[in-house]
1. For segment A:369-379, state whether one or more residues are among the aliphatic types (A, V, I, L, M), touching a strand residue (DSSP E or B) at 6+ places or on another chain (Cβ under 6 Å), in a loop (DSSP other than H, G, I, E, B) and within 21 Å of residue A:185 (Cβ to Cβ).
2. For segment A:352-364, which residues satisfy the criterion of being surrounded by fewer than 20 Cβ atoms within 10 Å (Cβ to Cβ) and part of a helix (DSSP H, G or I)?
3. Of all residues in segment A:124-147, count the ones that are surrounded by fewer than 17 Cβ atoms within 10 Å (Cβ to Cβ) and within 17 Å of residue A:181 (Cα to Cα).
4. Kindly indicate whether residue A:259 is in contact with a Ser or Thr (Cβ under 9 Å, 6 or more places away or on another chain) and of a type in the set (Gly, Ala, Ser).
5. Step by step: first the residues of segment A:343-377, then only those that are among the aliphatic types (A, V, I, L, M) and farther than 22 Å from residue A:150 by Cβ, then the one that is farthest from the chain's Cα centre (by Cα). Which residue is that?
6. Would a scan of segment A:11-25 turn up a residue that is over 24 Å from the mean Cα position of the chain (by Cα) and either under 20 Å from residue A:293 (Cα atoms) or not assigned by TED's automatic domain parsing to the domain that holds residue A:150 (or both)?
7. Of A:209, A:194, which residue is surrounded by fewer than 17 Cβ atoms within 10 Å (Cβ to Cβ), aliphatic (A, V, I, L, M) and out of contact with any Cys (no Cβ under 8 Å at 6 or more places or on another chain)?
8. Which residues, counting only those in segment B:54-103, are of a type in the set (Ser, Thr, Tyr) and at the interface with chain A (Cβ under 7 Å from one of its Cβ atoms)?
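The values are calculated or read from the model by the stated rules, or taken from the named source; none is laboratory data. Keep in mind the model is a prediction, meaning the values are calculated, not measured. Neighbour counts are summed over all protein chains in view; Cβ atoms, including those assigned to glycine, are modelled from backbone coordinates with ideal geometry.
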Amino acid sequence: MRGDSFMGFRRSNGQVGIRNILLVLPASQCANELALRCASEIPGAFPLLHTQPCAHVGEDNVAAYRCLVGLGLNPNAAAVLVVGIGCDSLSAEGMAEEIATTGKPVEWLTLESAGSWELVVDRGRAWLAFQESEIPSQRREEVALSDLTLGIKCGGSDATSAVAGNPAIGEAVDRLIERDGTAVFSETTELIGAEHLLRERAASPSVRADIQRVVSRVEESILATGIDPRGTQPTPGNIAGGLTTLEEKSLGGVIKTGSCPISGVFPWGGRPEGAGLHLMDCPANVPQLLLGWAAAGAQLLVFSVGGGLPARIPSLIGTNVGRFPLMPIIKVLSNPRDRDAAAYFDEDASGSLDGRKSTDQVVLALWNRIVGTASGRHTYLEDYPAPATQIWEMLVRGPTI
Amino acid sequence: MASTVNRPRALVLDREDSVAVLLDPVANGEAVMLLDSGSQALGTVKVSTPIEPFHKIAIRGIGQGEHVIKYGEVIGRASRSILRGDHVHIHNVESVRLSRGSR
């Protein structure tokens, strides 16, 4: 393989998946049990349980619908079963129709359309079993890195994140974008204090205005509550790790975005327009972020962790159980004091801080990991024996009625 | 790293910075070797308290209310005067942002 390609599954609409997931998507939280039961005996099926209720209104429902459709459109989903009750506030049939425009196999079933709970489960299982039997015929082929969309995230940050993991991720992002790939960063709250640097990198005046708009909105919304955010931003773990203020955390966080121009800003539930580096407007809440990135078409996420207690969680901080098969997650460790927890990570960037590795070696290892994972190599979390299934949290700006 | 003596090290990320990031733990009164991001030695600073690695030390005096600079950028302002060699953290630095309405 050349340095600008990887081995992926080319879908009929031209997009490229890096996994073949049978996605079972509930239209509402009332359908979560149906999704679980349909998927229960199908090893390749991923029931993506979530919190979408009937109590959300207006823009929140529009964004949730875009998000759920986006999850189905993600090229890692080889086939999609949408299950609903029939009285869900978001239409299972509508979602299935939109997802079917990709040409991938899509089915929808509701309690209303099937006539009974048991019939939804029976039909859903049978459909998934057939789709699973079709997957072995899919072959990876050499595709360009311009077909890759990478999410980038840092969490459990400490002072090492900004000098180990994040700079390495920034270099990898620059490499990907030089090859016409796409990268998406988010966590708008954690841009406060660093937005002036991002504005300078805006590809156009309208992008510059969009960056300021989303950061100002989150800052004003925090100030409007009158709540003192200290203790939450930075978090107690951030502070123990040497980060003093939100500005310091933000300035360290944006290092992972590398140095390329910022091509666009899009809302949670939306998708980037064109290649390059994009900002997704979403709070720094892991479940919502993972849904947002996957709905934006990211096939892969790189997750930078500092050190301390967050590095001691074997699965993924900010989640209940960590597994999110629809979008593999590469965990990167930054703090050399937590080297003994490196087995919980895919990449250990901490060697650049204690002289075990050069910065160039860390960057090259991460780059090879990204290309390797895109080509099928499992991440640590993909093989993690999660004890339960997470119910993923949808973004809600309110009101909940 | 290129340091010739076995001193604890601290990284100065930008030439404008008023703080450095410790790479090693330090004991009270110990002298820390300052390095730039290319591992070139920039001199030493004596610290005034034991400090955890990756926390910050002041590499020059910072007056109360003055901005604290790391990465060449403002990370907050001194809530009390800070001496060269002091531990720089939440006890003597506060956010410039998100402070309206919160105090």
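1. No, there is no match, as no residue in segment A:369-379 is among the aliphatic types (A, V, I, L, M), touching a strand residue (DSSP E or B) at 6+ places or on another chain (Cβ under 6 Å), in a loop (DSSP other than H, G, I, E, B) and within 21 Å of residue A:185 (Cβ to Cβ).
2. Scanning segment A:352-364 gives A:354, A:359, A:360, A:361, A:364.
3. Looking only at that region, the number is 3.
4. No; evaluated as a whole, the condition is false for this residue.
5. Per the criteria, the residue is A:353.
6. no
7. Criteria check complete, one pass: A:209.
8. Within segment B:54-103, B:71, B:95, B:102 meet the criteria.
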